[in-house]
Structures are given as C-alpha cells and as structure tokens.
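Quick notes on the structure that follows.
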Amino acid sequence: MIFVLGSINNDITLEVGRIPKKGETLSADGCFMGLGGKGANQAVAIAKLAGEGEKKPAVKLIGHVGKDAVGAELIRKLNDYGVDTEFVRQVNRATGTAIVTVTPKDNRIIVYGGANAGITKSDVDEALEHATEADTLLCQLETPLYIVAYALRKARSLGMTTILNPAPAKALPDDMYYNVDIIVPNETETLILTGINPQDSDSRRAAMIKFHMQGVPYVVLTLGDKGVSLSDGTHITDHIPARKVAVTDTTGAGDTFVGALALTYPHIGMYSFREACAFANIAASISVMRHGASDSIPTAEEVYAHYVHEVI
Ligand code: ATP
Ligand code: RIB
C-alpha cells in the first residue's frame, strides 16, 4: 500500500503567448480546469502507472477538499483514476485552487491552500492505523510542515518506507531528514535546502552528499530538461539525461516523476534504484508533451513502450 499525504487543488490553467506586463491585460489562447495539487497528482501517477492486475498496489490519498461542488468533482476524478479516497475529507473550507499560467517557455503557479491547510494529526493517525513496514508514505510540502513532520515520524516508527518531495521549497527542521528514506528535490529546492546550486556534476555530487550527511540514504535530483541525478550513498549517477520531446506544458512533471519512483522502487521488486529513476524519467517526459497536471500523466503501457527500447 502507498499512502500519499498531500494537497488536492482545482487547477485553472490559462495558456498565453507571454506573461502580461505590469498593468497590461492579455487574452489567453486557452483555458481549462483539471485535477491538480502535488498530493493528488502524485497519487494519480501511482494509480495510472500501476496498471491493472492482482499485484497492483493500492494508493490511498490523505487530504482535504472543500464541502462544495468543486471538492466533490475532484474526489470523483481521483476515484476515476483509481485513487482510494477513503481518507480524503470534505471540510468547511474552500477547495484548494491553483492558477497556472502556461507560456511556450515555462509555467507560473499561484496556489491558494484553502482546505489543504486544515489537515490534522488525527487524519494521519486514522489513515496509518493499520499501516505496516511493507507500506510507503509519500509527502510533499503543500500541506502544513508540522503535519508532514509528524506523518514522517509516525511512518518511520511503523517501519514504513518514507519519501519526501520537498516542494514547494521551504527550510526543513534538521530532525525531519532522519525520517526520510528517499528525498526528491528539483534544482530550486536543492539550492534552498543545501545552499548548493546543482548546475554541474561537481555541485550535484556535493548537494547529494549534503543530503546524505543530513541522514537521507537515497537522493534523486530532478533537473528539468536535463534529466536526473541520483545517489544511493555508494553509487552516484550523474546523470540520466531527459528525453528530447516536444514540450506542451511541464505542470506536474515533477509529480509524475515522484509518483513513478514511489511506485517502482520500493514496490515493484524487479527495479533497481537506477532503473526506477529511468522509468520515472520516461514517465515525466511523456507528461510534459500534454496539457494539465493529473490529466497529462501516462499509463504504464505508454512508459513501457519507451522503457523497453531505450533502457533495457
Ligand atoms: P514541475 O514543477 O514543472 O512539475 P519540477 O520542477 O518539480 O517540475 P523538474 O525537475 O522540472 O521538476 O522535472 C521533473 C522531471 O520531468 C525531470 O527530471 C525530467 O524527467 C522530466 N522533464 C521535465 N522537463 C522536461 C523536458 N523539457 N523534457 C523532457 N523531460 C522533462
Ligand atoms: O506540481 C504541480 C502542482 O502544483 C499543480 O497541479 C498545482 O496545483 C500546484 O499544486
């Protein structure tokens, strides 16, 4: 079982040729709404990439949405994708909302946390009541930091595998690192957490060693269109290059990567750490070719088609 503690947002995406200047109003070329939020996206990635069959690990999302039509619709979408929403509660706060502006060059996101900010320790306790050492907890930082710290501590005490995607970046208490088995920051998050800008192989190595020294055994740095670097403390791979693809919208690329890694490394025994990162790198590269966050995540078959030709 994989438990994902995290945010659930209604993403409102505007596609524009460029960012408006101060005081300027621009017409958007496209507008669409979809299921977003780092927790929801990562849970959907796990569900979609797990495929079908008896051995499919269940993914349970722990989160809050508003007691409103938007919240109900997001829960419906999560269920449609195969995410178990037993521990998603509808509460008396507005559903989390993200305004995503996508230009041909990049994206910019403003998030209103809303219901996501109200997740409690008892939500975590209830969800993890029957968790065992065979299970995984995956967290990001769009829910309150003290709840994430509590959940990681609790998961560690239960012997679970713990994965942290420290996004969006914020300074972490030192003792939090000791409860994390795998950390997956992007370049900005790496800079904020380690003080090292991971722009060449020496700096990436130094940043990964710094995470190890803080107590994290496995480190994966996502490097956008440059791919990923990884270290298990003994072997450092710098780096697995990103695939060359036609980019439409990178929103959720990091979430696709993290979900794919959380699924393949601890749960599908046939993958080594490096192979799991290669699988996740392909999954994320497919997601950037499509619009949206959760909607852009590929299926296992789509990733395998490339994995078989490009990795094995
Ligand atoms: P986002 O916030 O856009 O979801 P992120 O900043 O968390 O992403 P990135 O490091 O930008 O994470 O990207 C995650 C992974 O997605 C990369 O390691 C890579 O595998 C894939 N990826 C991102 N951008 C591209 C791209 N332009 N081409 C191919 N793959 C990409
Ligand atoms: O990582 C992408 C996500 O960040 C978007 O879906 C948006 O909701 C924000 O949380």
Span per principal axis, largest first, for the Cα atoms of region 178-261 (Å) = 38, 26, 24
Using distinct alpha-carbon pairs, which all enter the 1/r mean, Kirkwood radius of region 78-207 in Å | 16.7 Å
Principal semi-axes in Å for the chain [√(5λ), Cα gyration tensor, largest first] | 26, 24, 20
Å³ per residue enclosed by the Cα convex hull of region 157-198 | 70 Å³
Restricting to aspartates and glutamates and to Cα separations under 20 Å from residue 226, and discarding same-chain partners fewer than 8 apart, the set is 106, 187, 189, 200, 202, 238, 249, 255, 275, 310
Excluding residue 200 itself, calculate the net charge of residues whose Cβ lies under 13 Å from the Cβ of residue 200, where each Lys or Arg counts +1 and each Asp or Glu counts -1.
-> 0
Compactness summary of region 91-146: radius of gyration and Dmax from Cα atoms, Å, are 15.5, 46
Determine by what factor the alpha-carbon radius of gyration of region 131-270 differs from 2.2 N^0.38 Å, reporting the quotient.
-> 1.01
Report the label-to-label distance for residue 201 and residue 92 in nanometres (one decimal), using points 7 Å from each Cα along the Cα→Cβ vector.
-> 5.9 nm
Selection from 100, 113, 85 lying farthest towards where the dipole of region 25-136 points positive, charges on Cβ = 100
What percentage of all Cα-Cα pairs in region 1-61 are separated by more than 15 Å?
-> 63 percent
Would you calculate, for the chain, the mean residue ellipticity at 222 nm contributed by helices, counting each DSSP H stretch of 4 or more residues as -39,500 (n - 2.57) and dividing by all residues, to the nearest 500?
-> -11000 deg cm²/dmol
Net charge dipole size for region 1-48 [Lys, Arg +1 and Asp, Glu -1 on Cβ; Debye, nearest 20] | 160 debye
Normalised per residue, the volume inside the convex hull of the alpha-carbon atoms of region 1-158 in Å³ amounts to 132 Å³
Would you be so kind as to identify all helices of the chain, as entire DSSP H runs, whose Cα atoms reach 20 Å or more along the helix's own axis and whose mean Kyte-Doolittle hydropathy is at least 0.0?
-> 253-267, 273-287
Mind checking the dipole of region 124-255: about its Cα centre, +1 per Lys or Arg Cβ, -1 per Asp or Glu Cβ, Debye to the nearest 20?
-> 360 debye
Which of 288, 264, 308 sits closest to the plus end of the dipole of region 252-312, meaning its Cα is farthest towards the positive end, when Lys and Arg get +1 and Asp and Glu get -1 on the C-beta?
-> 264
Under 14 Å Cα-Cα from residue 60, which aspartates and glutamates qualify once same-chain neighbours fewer than 8 residues away are excluded?
-> 80, 84, 86, 123, 125, 126, 129, 135
Computed over the chain: relative contact order in percent, which uses C-alpha pairs under 8 Å that are six or more apart = 17 percent
Cα centroids of region 107-184 and region 40-103: how far apart, whole angstrom?
-> 16 Å
Of the candidates 198, 138, 5, the farthest towards the positive dipole end of the chain (Lys/Arg Cβ +1, Asp/Glu Cβ -1, centred on the Cα centre) is 198
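Any read-out appearing in this document is the output of simple, stated calculations on the displayed coordinates, not a laboratory observation. Worth saying up front: this structure is predicted, and the values here are computed from it rather than measured. Backbone-built Cβ (ideal geometry, glycine too); neighbour counts: all protein chains shown.
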